[in-house]
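Readers should treat all values here as calculations from the given coordinates under stated rules, not as data from a laboratory. Nothing here was measured: the structure is a model prediction, and the numbers come from that model. Neighbour counts are summed over all protein chains in view; Cβ atoms, including those assigned to glycine, are modelled from backbone coordinates with ideal geometry.
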Amino acid sequence: DRSLVAALTAPAPTYSFEFFPPKDDDGEAVLWRTIADLETLRPTFVSVTYGAGGTSQERTVRMTARIAEQTGIRPVGHLTLVGQTKGEIESVLKQYAAAGVDSVLALRGDPKGGPRAPWEPHPDGMTYAIDLVELAAEIGGFEIGVAAFPEGHPDAESLDQDAEVLVAKSRAGAEYAITQMFFRASDYFELVDRVRARGCDMPIVPGIMPILNFGQVARMAELCGAELPREVLDQIEPIAGDKDAVRATGIELATQLCRDLLAGGAPGLHFITLNRSKATREIFEALRADGLL
Ligand code: FAD
């Protein structure tokens, strides 16, 4: 069983799937079906995002632990600083370790008021993701990943400062990064160039979110500071009233983005699934038919 970093630095591209914590037991049942379905594709890893509320955070930790214990898939445990003391954060790291989750994605998290609200650390908590990287490295035994932003984090002063933050996280012990969603391959490659120019060779895995529902993706993209480029809008806007056509075009655009990323040397693809397997499977199968995965 190779380490995640070994997989990310091997010639064959990795592929992985991201889920969000379901709100209730029905949602959890749907998610287990999705995970069972996607397990047959033998992903490199899967992950469940970490929300802002206590019960949602508990569900994430429980589901991530269960993936480690009951499936053949490697989970990556997401963890944020939102609403928690340093001691609570440390305790989650220990729960992950106890369940055999040996890779964590160390994140600051978004403020409870949403990605555009001002960030206020918990009074007894930590301020930046790098603090969590340091804590996880101090505890030891984890492969640590971090977030990266092809278009820059919304609060970053500049793309260069944003790249400095990423390189600092790598120097603090992060061994790989996964990006925020984006829609232009050049934004990803320019981020990689900025990081390499600073002497950092950490693998940066692009995060892929297909446009299946235009309104939903436009809202999510706006919130996290990802721009829907004109060339994408020109294809989607004329058909915006036709759900099936939007979905088909969204899948085609995402598939083409994946082709361009792999052709340019991306180490793998991380699919944001929104807890449904069908679209991800369609993109995956198109790439496999091309011999890319
Ligand atoms: P940081 O690295 O702390 O950066 C936050 C801001 O502070 C940036 O503007 C940065 O430039 C600035 N900064 C950082 N360090 C310093 C410093 N030393 N001095 C000055 N400025 C600094 N959110 C969730 O809530 N749950 C999830 O599960 C989740 N999963 C994600 C998965 C991926 C792949 C990605 C890309 C994002 C995810 N997010 C998640 C969103 C993420 O938490 C937000 O984007 C958050 O706003 C920034 O997190 P970060 O880890 O990059 O923070």
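Running Debye on the chain with equal point scatterers at the Cα sites and no solvent, what base-10 log of I(q)/I(0) appears at q = 0.10 Å⁻¹? The Debye formula, applied to the Cα set alone, gives -0.50.
Comparing Cα centroids, the range 145-214 and the range 38-95 end up 22 angstrom apart. For a straight C-alpha distance cut-off of 19 angstrom, the lysines reachable from K23 (same-chain residues fewer than eight places away being disregarded) are K112.
Residues whose amide H falls under 5 Å from that of T49, counting only those 5 or more places apart or on a different chain, are F19, F20, with hydrogens built in the peptide plane.
Based on other C-beta atoms within 10 Å, arrange E237, E151, E28 from fewest to most. Walk me through the numbers on the way to the answer.
Numbers: E237 13, E151 23, E28 16.
If I rank by nearby Cβ atoms, fewest first, I get E237, E28, E151.
Summing +1 for each Lys or Arg and -1 for each Asp or Glu among the other residues whose beta-carbon sits under 13 angstrom from that of G145 gives -2.
Compared with the direct C-alpha span, the chain from A117 to I139 gains 4.8 nm at full extension, assuming 0.36 nm per residue.
What dipole magnitude, in Debye to the nearest 20, does the chain give about its Cα centre under +1 on Lys/Arg Cβ and -1 on Asp/Glu Cβ?
Numbers: 28 positive and 43 negative charges, 110 e Å.
With only Lys, Arg, Asp and Glu charged at Cβ, the dipole is about 540 debye.
Per-residue Cβ neighbour counts within 10 Å put T44, T9, T64 in the sequence T9, T44, T64, beginning with the fewest. Using the Cβ-Cβ distance between E285 and A98 with R0 = 35 Å, the FRET efficiency computed as 1/(1 + (r/R0)^6) comes to roughly 0.45.
Over the range 96-141, what is the mean sequence separation of C-alpha contacts under 8 Å (at least six apart), divided by residue count, expressed as relative contact order in percent?
Working: 22 pairs, mean separation 18.1, N = 46.
After rounding, I find 39 percent.
With contacts taken as Cα pairs under 8 Å and at least 6 residues apart, the chain reaches a relative contact order of 20 percent. For the chain, give me the percentage of DSSP beta bridges that are antiparallel, rounded to the nearest 5 percent. In the chain, DSSP labels about 0 percent of beta bridges as antiparallel. Straight-line cross-link partners of K243 among the aspartates and glutamates, defined as a Cα under 20 Å from its Cα and at least 8 positions apart when in the same chain: E231, D234, E252, E282.
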